[in-house]
Amino acid sequence: MYFTDRGIEELEERRGDDEVTLAWVADRMRAFVDLNPDFEDATERLATFLARDDVDDE
């Protein structure tokens, strides 16, 4: 288990039944980067990964 898995598990436990839009996720990611600018690159990479997830399906 990676250290980051704990955060992912917490997210799933706390929000696993929530329904959210991708606009909400994008807004939360922007807020996170505003508070934690050192993580801008990682957040950008995650956003790109999520945005392009279906590229292989075409």
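The values are calculated or read from the model by the stated rules, or taken from the named source; none is laboratory data. Only a predicted model underlies this, so the values are computations on that prediction, with no experimental measurement involved. Note that we place each Cβ from the backbone using ideal geometry, even for glycine, and neighbour counts take in every protein chain shown. What goes into the accessible areas is simple: the full protein's heavy atoms, side chains included, and nothing from ligands, DNA or RNA. Shrake-Rupley method; radii C 1.70, N 1.55, O 1.52, S 1.80 Å.
Accessible surface for the chain, divided over its residues, is 102 Å² per residue with a 1.4 Å probe.
Rounded to the nearest 500, what is the 222 nm mean residue ellipticity of the chain from helices alone, with -39500 (n - 2.57) per DSSP H run of 4+ residues and division by all residues? Present the calculation step by step, with values, prior to reporting the outcome.
On the way: 3 runs with 38 residues, N = 58.
Computed mean residue ellipticity for the chain: -20500 deg cm²/dmol.
One entry in [x] 5.3; [y] 4.8; [z] 3.8 is mean projected area of the Cα convex hull in nm² calculated from the shown coordinates; its label is [x]. Within the chain, the whole DSSP H helices whose Cα atoms reach 18 Å or more along their own axis and whose mean Kyte-Doolittle score is at least 0.5 are 22-35.
Name the residues of the stretch 11-32 whose amide N is less than 13 Å from a point 7 angstrom out from the Cα of Thr43 along the C-beta direction? So the set is 25-32.
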